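In what follows, a structure is listed as structure tokens, so that the remarks can point back to it.
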Amino acid sequence: MNLEKMFEMQKELDERIIREKGLEGQDLLPGLILALQVELAECANEWRGFKFWSNDQQPRTERLIKCSPCNGTGDLNYERVAEDAECYGDHEFIKCEDCNGEGTEGTKNPLLEEYVDCLHFILSIGNQIGYLDANDVTDMQFIVAENRGVSAFGDLFNSISSLSGELRDESIYLSSHDKYFKRQFIERHYQEIFLRFNTLGDYLGFTPEQIEAAYMEKNEINHKRQQEGY
């Protein structure tokens, strides 16, 4: 993965959001960390492997995409259906060419989508703490550990909590010497998040190419959302 490019793309999106939402000068790290934890929980929910009480523990890796023009009906005249139900008139079926009348436009991978949503917030946190400015991310090592399932998710949650704790304890009263070592601790916890995140992605079966492609697609969607007043 071209991490440097992805950091820069996320920085551009973050700066746009901050500018357009009037968030200049605000401490966004607590919200970003909470958002990452929420997205990670949603990723676990799509994975389903922790649900020992359920017979359905299969990961959600394929879901039909509803066709937008016909609202998933296959019929461009779908709004008349409600009128027909109330006997207002005859419904003329107009086949949707976008989906060939099937109501769907291919499939998506919900598990990968949630995983990549986590990546967006990981990159945002890195930008907020200035990680890219102080480190060469092109040489960032990704260690794939022997880790499975619940442990992979749990370890990542713990790493996020550790970084959160370090950031909360940061104080303006530290000496320059102490601030240097504090910075090292923060960067070390951040690196650990990336390592654990990679371990999880490896366990879930995602390749770096899949992750990067999914990130690029979601980044474009996020820019479009801002344009549309999301």
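Rule-of-thumb check for segment 11-65: C-alpha Rg over 2.2 N^0.38 Å?
1.68
In a shell of Cβ-Cβ distance under 12 Å around LYS218, excluding LYS218 itself, what net charge do Lys and Arg (+1) and Asp and Glu (-1) give?
-4
Heads up, I need the accessible area for HIS189: 1.4 angstrom probe, whole protein in place, Å², nearest 10.
The accessible area comes out at roughly 40 Å².
Given R₀ = 45 Å, what would the calculated FRET efficiency be for GLU79 paired with ASN2, taking r from the Cβ atoms and rounding to 0.05?
Taking R0 as 45 Å, the efficiency between GLU79 and ASN2 is 0.50.
How much FRET efficiency would the formula 1/(1 + (r/R0)^6) give for SER151 and SER68, where r is the Cβ-Cβ distance and R0 is 41 Å, rounded to 0.05?
After rounding, the FRET efficiency stands at 0.55.
Given the DSSP H assignment, sum -39500 (n - 2.57) over each helix run of at least 4 residues in the chain and divide by its residue total; what's the result at 222 nm in deg cm²/dmol, nearest 500?
Only helices count here, giving -20000 deg cm²/dmol.
What figure in square angstrom, to the nearest 10, would you give for the accessible area of THR73 with a 1.4 Å probe?
Roughly 70 Å² of THR73 is accessible to a 1.4 Å probe.
What residues have an amide H closer than 5 Å to that of ILE65, excluding those fewer than 5 places away on the same chain, when H is modeled at 1.01 Å from N in the peptide plane?
HN-HN under 5 Å from ILE65: GLU105, GLY106, THR107, LYS108.
Return the FRET efficiency for the residue pair ALA41, HIS91: r is the Cβ-Cβ distance, R0 is 41 Å, and the value is rounded to the nearest 0.05.
0.45
Going by a ≥ b ≥ c, the root eigenvalues of the Cα gyration tensor, does the chain fall in the rounded group (a/c under 1.5), the prolate group (a/b larger than b/c) or the oblate group?
Prolate is the answer for the chain, as a/c is 1.5 or above and a/b outweighs b/c.
The values are calculated or read from the model by the stated rules, or taken from the named source; none is laboratory data. Just so you know, these numbers come straight off a predicted model, no measurement behind them. Heads up, the Cβs are rebuilt from the backbone with ideal geometry, glycines too, and the neighbour counts pull from every protein chain shown. Heads up: the accessible areas ignore ligands, DNA and RNA and are worked out on the full protein's heavy atoms, side chains in. Shrake-Rupley method; radii C 1.70, N 1.55, O 1.52, S 1.80 Å.
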